[in-house]
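All remarks here apply to the structure that follows.
The values are calculated or read from the model by the stated rules, or taken from the named source; none is laboratory data. Because the structure is predicted, anything quoted here is derived from the model rather than measured. Here Cβ is always computed from backbone atoms with ideal geometry, including for glycine, and neighbour counts include all displayed protein chains.
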Amino acid sequence: MAVEGEAGIIRDKATFADHWTSDLERWFPDGIDTPGMALIKVAAVRIHYWDGEEEGEVRPRA
């Protein structure tokens, strides 16, 4: 998958907590206190996907 759009970096721990799931502990054992942790928020203008057999493009509605 490829996403094209405007991105911003979020470093707010309250926002991390809002989006945290236990599955992430595998990569971030210190949870939302992991040093250097950041979220990337993307306002997508185009998403291209492929799965080995099918591919396509999605654009947000105007």
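The residues of the stretch 31-60 that are more than 14 Å from residue 11 (Cα to Cα) and either at pLDDT 95 or above or of a type in the set (A, V, I, L, M, F, W, C) (or both), listed by number, are 42, 43, 44, 45, 47, 50, 58. Please list, ordered by first then second residue, the pairs with beta carbon atoms under 7 Å, 6 or more apart or interchain, first in the stretch 33-51 and under 20 Å from residue 22 (Cβ atoms), second of a type in the set (Phe, Trp, Tyr) and not in a strand (DSSP E or B). Going by the 7 Å Cβ cut-off, the qualifying pairs are 34/28; 37/16; 37/28; 39/16. How about the stretch 1-56: which of its residues are surrounded by 12 or more Cβ atoms within 10 Å (Cβ to Cβ), aromatic (Phe, Trp, Tyr) and in a loop (DSSP other than H, G, I, E, B)? Matches in the stretch 1-56: 20, 28.
For the criterion of being under 17 Å from the mean Cα position of the chain (by Cα) and without any contact (Cβ under 8 Å) to a residue 24 or more places away in the chain, residue 2 fails.
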